[in-house]
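Worksheet: the structure to be examined is printed underneath.
The values are calculated or read from the model by the stated rules, or taken from the named source; none is laboratory data. Not measured: the values here are computed from a predicted model. All Cβ positions, glycine included, derive from the backbone under ideal geometry; neighbour counts span all protein chains shown. Areas reflect the complete protein model, heavy atoms only, side chains present, ligands, DNA and RNA absent. Shrake-Rupley method; radii C 1.70, N 1.55, O 1.52, S 1.80 Å.
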Amino acid sequence: MGKTADAIAEGVAIAYAAAKLVIRNRILVDTIARGEDFDAARFASFAQETLNHLAREQEEAAELARRQAKRAWGKFSDSGGTHDYRDRDTRNLRKRRKQYRGVARQLRLHAEDPHAVRVLVEQSRDAAWGDVAANLERRLNVEGMRPDLDPNYQMMRNARMQSLRLVDLPKLAAHRRHLKDGESAQVSAAAPSEDAPAPRRAGIDLSELDS
């Protein structure tokens, strides 16, 4: 399990990274998707909620470890699975509970510290703008690339031409044959049969005009 202090520091770092990811996504949704202005105070409140939510998760994990240690105490038989703890596991479970509680305590302290919350929001904002800038740069590179500046242009051109010959042109030829067959069927359906009666016009049998 390692030293408790090291485990707590690592847990806080992981939770902090998760919080930054959640806040970054919220910034992107509100400012880019919804077109709202960046409000530092509003995002600070959301950052506090996020940290407290992560702290509650750690507290619930600590309570689970406590219950597991209580059930494992006095059991000396062979374990039936990964989470089927025995008396020999109670020491590690108690240590794990202590670590979960330590992470939760640190997260709540961060949530109550205005400076820590402001830094978290600023880092999340920078991460969000970094994502936007990277997407714009990729878009501009694709749309503004000239053949003479793209080192892979010739290779990709050969691949595109091969795809055109092997896929697109056969599909086009099959489509044209399908249209031609459809037109032939329509013409055949519209042609009069040899056994059909001669047309009549205004009540007169046109075949009688020749007699």
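Miscellaneous remarks
- Space enclosed by the convex hull of the alpha-carbon atoms of region 8-131, per residue, Å³: 113 Å³
- Of the GluC sites (Glu not before Pro) in region 12-113, the ones in a loop by DSSP (not H, G, I, E or B) with at most 12 other beta carbons within 10 Å are E36.
- List H53, H110, ordered by accessible area with a 1.4 Å probe, largest first: H53, H110
- Solvent-accessible area, 1.4 Å probe, carbon plus sulfur percent, for region 1-115: 51 percent
- Taking chymotrypsin sites (Phe, Trp or Tyr not before Pro) across region 65-94, the ones in a DSSP loop with at most 16 further Cβ atoms lying within 10 angstrom of their Cβ are W73, F76.
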